[in-house]
Amino acid sequence: MDETTKKTVTGATDSSIPVTETWLRKHRLLYNGATRHPFILSIRDGSVDFSSFKRWLGQDYIFVRSFVPFVASTLVKTCKESTDESDMEVILGGMASLNDEINWFKKQASKYLVSLTSVVPQNANVKYCRFLESLTSPEIEYPVAITALWAIEAVYQESFAHCLEEGNRIPQELQETCERWRNEGFGAYCKSLRDIVDRCLQKASPEVISKAEVFFLSVVEHEVEFWNMSVGGV
Ligand SMILES: Cc1ncc(CN)c(N)n1
């Protein structure tokens, strides 16, 4: 029997395996589709098409601006619902670094001559931003919101970390882009988010756990669509 589906004698799922680990094992192919997407692989091997990179840059700037209200709404849920006071500091730190992220996009846009005021959000981006907005609803439970936040950040962290793994041939000018999400601080932030998710879901009802898994999968699918859009799909 697969370890991830191991049941105890009472029939419950083995709680010694953190929930995020069970999902990553169960949905590995889909998850790899996001973190090893052809766009990411093209950055890694140096064959990236710079018009795709510029498209990604402009679209992601729009995305990050929509991401801020979602993170803010998760911060509010954390303040109201979390039983651990350090959770609030984790999310607050993430919010602060989003300010840097927005400024970084502006700087890169001027370097690559991308006019951020004339970027028209593409279909996949519009859908992803709508999804983010739906997550700000009070009906979205804290464990579900924090799951989505973790998944969104983790996909970027793992994708760009992969670009810099041994054997890469990334163009010098994209080194800084990859570092932005590969750096130790961002890695530690993603790890803290994951720990919060696992802790919250350990105490959550089966319904909330299932809902969180559905939203985890939705994030991964939106991320794949976002990369597809960047390489020129719709
Ligand atoms: C689409 C997307 N996903 C995640 C991240 C990381 N904040 C981002 N900038 N853009």
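The values are calculated or read from the model by the stated rules, or taken from the named source; none is laboratory data. Keep in mind it's a predicted model, so treat the numbers as computed, not measured. Every residue, glycine among them, receives a Cβ derived from its backbone with ideal geometry; neighbour counts consider all protein chains shown. Quick note on the areas: whole protein, heavy atoms, side chains included, nothing else; ligands and nucleic acids left out. Shrake-Rupley method; radii C 1.70, N 1.55, O 1.52, S 1.80 Å.
Observations
- If you go through segment 130-160 and keep only what is outside any loop (DSSP other than H, G, I, E, B) and open to solvent by 20 Å² or more (accessible area, probe 1.4 Å), you end up with 130, 131, 133, 134, 143, 157, 158.
- Between 106, 111, 127, 80, the distinction of being surrounded by fewer than 17 Cβ atoms within 10 Å (Cβ to Cβ), within 13 Å of the ligand (Cβ to nearest atom) and of a type in the set (D, E, K, R) belongs to 127 only.
- Residue within segment 29-45 that is more than 16 Å from the chain's Cα centre (by Cα), among the small types (Gly, Ala, Ser) and outside any helix (DSSP H, G or I) present: no
- When 176, 158, 139, 223 are checked against the criterion of being closer than 26 Å to residue 49 by Cβ, free of Cβ contacts under 8 Å to residues at least 40 places away in the same chain and not small (Gly, Ala, Ser), a single residue qualifies: 176.
- Hey, residue 232 open to solvent by 30 Å² or more (accessible area, probe 1.4 Å) and in a loop (DSSP other than H, G, I, E, B) or not: yes
- With respect to the stated conditions, residue 189 is in contact with a Gly (Cβ under 8 Å, 6 or more places away or on another chain) and part of a helix (DSSP H, G or I).
- Any hit, segment 163-185, residues being assigned to a helix (DSSP H, G or I) and touching a Lys or Arg at 6+ places or on another chain (Cβ under 7 Å): yes
- Selected residue (criterion: most open to solvent (accessible area, probe 1.4 Å)) from residues of segment 179-206 that are closer than 15 Å to residue 93 by Cβ and acidic (Asp, Glu): 184
- Check on residue 121, at pLDDT 95 or above and outside any helix (DSSP H, G or I): yes
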